[in-house]
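Participant: Have a look at this one.
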Amino acid sequence: MKLPMMVKIRQEFEDNSLRDVEGHVKRKLGEAGIRQLVKRGQKIALTMGSRGITDIARVIKATVEVLKACQAQPYIVLGMGSHGGATVEGQLKIAEKFGVTEKTMGAPIKATMDVMPVGTTPSGVPVFIDRYAYESDGLIVTHRVKPHRHVMGPHQSGLLKMLTIGLGKLKGAATVHSFGWENFAKNILEVASVVLKKVPIILGLAIVENGFAKTAIIELVKPENFIERDAALLQTALKMLPRVPFDKIDVLVVKEMGKNMPPDTDIIGRPTLRYYSEVKKPDPTRLVLLDLHDDSLGNAVGMGSFDYTTQRLFKKIDFNVTAINSIAGNVPEVGKIPLPLENDRRAIEAALQNAGFPDVEGVRDIQQGKLVVIKNTREMQVLYASQCLTGEINDPQRAKIVGPPLELPFDAAGNLALDFK
């Protein structure tokens, strides 16, 4: 089966990356008067989430060094909700994957799935918080602010979600999600408001990444400003979010996915949840997922957004970890298995066959299919598109064709061999 001819497209994003992450963090903490906020001998907890934040290890280590200089006793708590199979061992493995260990950070990691009840929201949602975060003399909340594929509203993935889901661990995450995703925008605000009143939060470090998946902003946020700044930084993050530069395509192929590079609706153009019906660009008819990133440790949550995958990915799935995360999130849809085909080529062919091209005398002209291939949702500087899409680029100032048309290259096993550099 002959596939569409492709062209390589390079997207130019604003490179506003911070050059000295550690120095920036230390300056911000100094400007906030950290020596007045933290007393000698105090036990200060720092949060670490399970998402693949590029500079999370650097941010945490710099904060640890500042706290030690204040003669405080810093330690790290894992705000990972139900991730890592909802086990201490699993969450420690995630932290290690991102370079956060007791040795590299120079501080203890206090990992637990135990939580403390701290109240109930006006809507009747019980609120829970990580035991070690609750027992600290002060908590520094570190997290990235970005869109979330299931959440609509002013607060998505960010400081408030860390307080609500991450530090809520399995019990807190499952409790909030049980009230329904359609109520999540309201509940994330109410739960976080309870935590802000009941837990000794010193400040937040809000991270925003740019189109290169590099740190562009690290903002120090006072507890009384968490709600306002979480919403404002989400709007900043949305403006920096990389996107597929087409309004409507037939097939989107994603080379790899993982918990650190989820299939965000704003990028892949397809919502997973029933209540979320808004159509997003590039509005693909069919979606193909080829592989699972090793950093996911078998967690394939998000694959339910796709129609086709490969047997290679299927063999990497940790079904227990995926089920725990899906069930706790009240979203079994995200754990559904796409049709697994023998290799990348077969998966792409199947998607094009089922993308709406009529069968005329036993022949489907899929060579005119509008096909786009991206590496993942975090690294989108380079992508490939069908030659027939060259006149449909919706942002020609940012996305430019580089090089002549080419056929999609596959290795001897039938797997994609594209260069995304």
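The values are calculated or read from the model by the stated rules, or taken from the named source; none is laboratory data. Quick caveat: nothing in here was measured; it's all calculated off a predicted structure. Cβ placement follows ideal geometry from the backbone for every residue including glycine, while neighbour counts extend to all protein chains displayed.
Every residue, every condition in (1) closer than 28 Å to MET380 by Cα; (2) not hydrophobic (A, V, I, L, M, F, W, C), yes or no:
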site: GLU22; (1), (2): yes, yes
site: VAL64; (1), (2): no, no
site: PRO74; (1), (2): no, yes
site: THR87; (1), (2): no, yes
site: GLY90; (1), (2): no, yes
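Participant: Out of all the residues in the stretch 265-277, is one or more surrounded by 19 or more Cβ atoms within 10 Å (Cβ to Cβ), more than 30 Å from GLY90 (Cβ to Cβ) and not assigned by TED's automatic domain parsing to the domain that holds THR63?
Facilitator: Within the stretch 265-277, one or more residues are surrounded by 19 or more Cβ atoms within 10 Å (Cβ to Cβ), more than 30 Å from GLY90 (Cβ to Cβ) and not assigned by TED's automatic domain parsing to the domain that holds THR63.
Participant: From the set of residues in the stretch 350-360 that are surrounded by fewer than 18 Cβ atoms within 10 Å (Cβ to Cβ) and not small (Gly, Ala, Ser), which is farthest from MET240 (Cα to Cα)?
Facilitator: The initial filter retains those residues of the stretch 350-360 that are surrounded by fewer than 18 Cβ atoms within 10 Å (Cβ to Cβ), namely 353-354, 356-360.
Keeping just the survivors that are not small (Gly, Ala, Ser) gives 353-354, 357-360.
Numbers: GLN353: 34, ASN354: 33, PHE357: 35, PRO358: 39, ASP359: 41, VAL360: 44 Å.
Only one residue tops the list, namely VAL360.
Participant: Something else about it: Being without any contact (Cβ under 8 Å) to a residue 40 or more places away in the chain and in contact with a helix residue (DSSP H, G or I) (Cβ under 8 Å, 6 or more places away or on another chain) narrows it down to one residue among GLY269, GLY258, GLY335, GLY329; which is it? Don't jump to the end; show me each part of the working.
Facilitator: Details: GLY269 fails: in contact with a helix residue (DSSP H, G or I) (Cβ under 8 Å, 6 or more places away or on another chain); GLY258 fails: without any contact (Cβ under 8 Å) to a residue 40 or more places away in the chain; GLY329 fails: without any contact (Cβ under 8 Å) to a residue 40 or more places away in the chain.
Being without any contact (Cβ under 8 Å) to a residue 40 or more places away in the chain and in contact with a helix residue (DSSP H, G or I) (Cβ under 8 Å, 6 or more places away or on another chain) holds for just one of GLY269, GLY258, GLY335, GLY329, which is GLY335.
Participant: Pull up the stretch 317-339, narrow it to residues that are buried (at least 18 other Cβ atoms within 10 Å of the Cβ) and farther than 25 Å from THR175 by Cα, then point me to the one that is nearest to the chain's Cα centre (by Cα).
Facilitator: Of the residues in the stretch 317-339, the ones buried (at least 18 other Cβ atoms within 10 Å of the Cβ) are 317, 321-322, 324-326, 328-331, 334-335, 338.
Then keep just the ones that are farther than 25 Å from THR175 by Cα; that gives 317, 338.
Working: ILE317: 18, PRO338: 20 Å.
The selected residue is ILE317.
Participant: Let me ask another. Could you check, for the stretch 15-36, whether at least one of its residues is acidic (Asp, Glu) and without any contact (Cβ under 8 Å) to a residue 40 or more places away in the chain? I'd like the intermediate steps shown before the answer.
Facilitator: Step one: list which residues in the stretch 15-36 are acidic (Asp, Glu), which gives 15, 20, 22, 31.
Within this subset, residues satisfying the condition of being without any contact (Cβ under 8 Å) to a residue 40 or more places away in the chain are 20.
Yes, that holds for at least one residue.
Participant: I'd like to know if the stretch 186-203 contains one or more residues that are part of a helix (DSSP H, G or I) and on the phi > 0 side of the Ramachandran plot.
Facilitator: Going through the stretch 186-203, the residues part of a helix (DSSP H, G or I) turn out to be 186-198.
Restricting the remaining residues to those that are on the phi > 0 side of the Ramachandran plot gives none.
There is no residue in the stretch 186-203 that is part of a helix (DSSP H, G or I) and on the phi > 0 side of the Ramachandran plot.
Participant: What number of residues within the stretch 278-301 satisfy the criterion of being part of a loop (DSSP other than H, G, I, E, B) and either surrounded by fewer than 22 Cβ atoms within 10 Å (Cβ to Cβ) or over 15 Å from the mean Cα position of the chain (by Cα) (or both)? Full working, then the answer.
Facilitator: First, pick out the residues of the stretch 278-301 that are part of a loop (DSSP other than H, G, I, E, B): 278-285, 290-291, 293, 297-301.
From what is left, the residues that are either surrounded by fewer than 22 Cβ atoms within 10 Å (Cβ to Cβ) or over 15 Å from the mean Cα position of the chain (by Cα) (or both) are 278-285, 290-291, 293, 297-298.
Of the residues in the stretch 278-301, 13 are part of a loop (DSSP other than H, G, I, E, B) and either surrounded by fewer than 22 Cβ atoms within 10 Å (Cβ to Cβ) or over 15 Å from the mean Cα position of the chain (by Cα) (or both).
Participant: Then there's this: Residues being among the polar types (S, T, N, Q), under 23 Å from GLU135 (Cα atoms) and out of contact with any Gly (no Cβ under 7 Å at 6 or more places or on another chain): count how many of those fall in the stretch 32-59.
Facilitator: First, the residues of the stretch 32-59 that are among the polar types (S, T, N, Q): 36, 42, 47, 50, 54.
If we keep only those that are under 23 Å from GLU135 (Cα atoms) too, we end up with 36, 42, 47, 50.
Cutting the leftovers down to out of contact with any Gly (no Cβ under 7 Å at 6 or more places or on another chain) gives us 36.
The number of residues fulfilling the criteria is 1.
Participant: Output the number of residues of the stretch 378-406 satisfying the condition of being in contact with a strand residue (DSSP E or B) (Cβ under 7 Å, 6 or more places away or on another chain), part of a loop (DSSP other than H, G, I, E, B) and not β-branched (Val, Ile, Thr).
Facilitator: Step one: list which residues in the stretch 378-406 are in contact with a strand residue (DSSP E or B) (Cβ under 7 Å, 6 or more places away or on another chain), which gives 378, 380-387, 390, 393, 398-403, 405-406.
Next cut, part of a loop (DSSP other than H, G, I, E, B) only: 378, 380-381, 393, 398.
So of that shortlist, the ones also not β-branched (Val, Ile, Thr) come out as 378, 380-381, 398.
Residues flagged as in contact with a strand residue (DSSP E or B) (Cβ under 7 Å, 6 or more places away or on another chain), part of a loop (DSSP other than H, G, I, E, B) and not β-branched (Val, Ile, Thr) within the stretch 378-406 amount to 4.
Participant: Condition first: touching a residue at least 24 places away in the same chain (Cβ under 8 Å) and in a helix (DSSP H, G or I). Now tell me which residues in the stretch 225-252 satisfy that. Spell out how you get there, then give the answer.
Facilitator: Step one: of the stretch 225-252, the residues touching a residue at least 24 places away in the same chain (Cβ under 8 Å) are 226-227, 229-231, 233-234, 236-238, 240-252.
Once the filter is applied, which keeps residues that are touching a residue at least 24 places away in the same chain (Cβ under 8 Å) and in a helix (DSSP H, G or I), the stretch 225-252 yields PHE226, ILE227, ARG229, ASP230, ALA231, LEU233, LEU234, THR236, ALA237, LEU238, MET240.
Participant: Can you list the strands (runs of 3 or more DSSP E) lying wholly within the stretch 306-377 that have 2 or more residues being farther than 20 Å from ASP264 by Cβ?
Facilitator: Numbers: elements: 308-310, 339-341, 371-374.
Because the criterion is at least 2 residues that are farther than 20 Å from ASP264 by Cβ, the strands (runs of 3 or more DSSP E) in the stretch 306-377 that meet it are 339-341.
Participant: Hey, does the stretch 361-382 have a residue that's farther than 20 Å from ARG286 by Cα, in contact (Cβ under 8 Å) with a residue 60 or more places away in the chain, surrounded by 18 or more Cβ atoms within 10 Å (Cβ to Cβ) and of a type in the set (Gly, Ala, Ser)?
Facilitator: Scanning the stretch 361-382 turns up no residue that is farther than 20 Å from ARG286 by Cα, in contact (Cβ under 8 Å) with a residue 60 or more places away in the chain, surrounded by 18 or more Cβ atoms within 10 Å (Cβ to Cβ) and of a type in the set (Gly, Ala, Ser).
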